[in-house]
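Heads up: the structure comes next, in structure tokens.
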Amino acid sequence: MEANKEAKAILKYARISPRKVKIVLDLIRGRDADIAMAILKNTQKSASEYLIKLLKSAIANAENSNMDASKLYVSECYVCPGPTLKRMMPRAKGSANRILKRTSHVTIALKERGNTETMAV
């Protein structure tokens, strides 16, 4: 069995601000995959919907790589800003304000927990 075996899932161009996603990612970093899924399902943040789907994809990728689903934990999760959509909102006296609609690139990596490793709380 390889020691550095990991499964990744990447979500690109998600229509949510990276700042909002980072708050939820901090909750699941280092947790077991099943505990992370439970946390996401009980977190009332808009980013949770994106991350539940992404975590399910990462778990499926791990199972296809012959990794044991019961030993998986979130080894790495981060968000990077994607391209920003620039929109205008009309204001008084013929002027306009710029509205920035931000996008995110989210990555979740899972690894198998060894016998000596313990869960980070």
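Each value in this text was obtained by applying a stated rule to the coordinates, not by laboratory testing. Everything numeric here is computed off the predicted structure, so don't read it as measured data. Because the Cβ atoms are built from the backbone with ideal geometry, glycine has one as well, and the counts that use them run over all protein chains shown.
Of note:
- Cα centroid separation, segment 1-52 to segment 67-92 (Å): 9
- Each residue of segment 30-74 gets 55 Å³ once the volume of the Cα convex hull is shared out per residue.
- Principal semi-axes of the equivalent ellipsoid, √(5λ) from the alpha carbon gyration tensor of the chain, are 36, 14, 11 Å from largest down.
- Proximal aspartates and glutamates relative to LYS8, as straight alpha-carbon distance under 17 Å, when same-chain residues fewer than 8 apart are discounted: ASP32, ASP34, GLU63, ASP68, GLU76, GLU112
- Of ILE35, LEU54, VAL21, farthest towards positive along the dipole that unit charges on Lys, Arg, Asp, Glu beta carbons give segment 10-112: VAL21
- Relative contact order (%) - criterion: Cα under 8 Å, at least six apart; region: segment 23-121: 31
- Using alpha-carbon coordinates, inclination of helix 18-28 to the longest axis of the chain, degrees: 20
- The chain - charge dipole about Cα centre, Lys and Arg +1 at Cβ, Asp and Glu -1, debye rounded to 20: 1320
- MRE, 222 nm, helices only [DSSP H, n ≥ 4, -39500 (n - 2.57), over the chain, to nearest 500]: -10000 deg cm²/dmol
- The string of couplings for segment 79-91 from the Karplus curve (6.51, -1.76, 1.60, θ = phi - 60°) is 10, 10, x, x, x, 9, 8, 9, 10, 10, 10, x, 10 Hz, one whole number per residue in order, with x for Gly and Pro.
- Pairs beyond 31 Å (Cα-Cα), from LYS5/LYS101; LYS5/LYS86; LYS22/LYS93; LYS20/LYS56: LYS5/LYS101; LYS5/LYS86; LYS22/LYS93
- Candidates GLY94, GLY30, GLY82, ranked by Gaussian network fluctuation over the chain, Cα under 10 Å, top entry: GLY94
- Residue of LEU85, LEU27, LEU51 that the Gaussian network model of the chain assigns the largest fluctuation, springs spanning Cα pairs under 10 Å: LEU85
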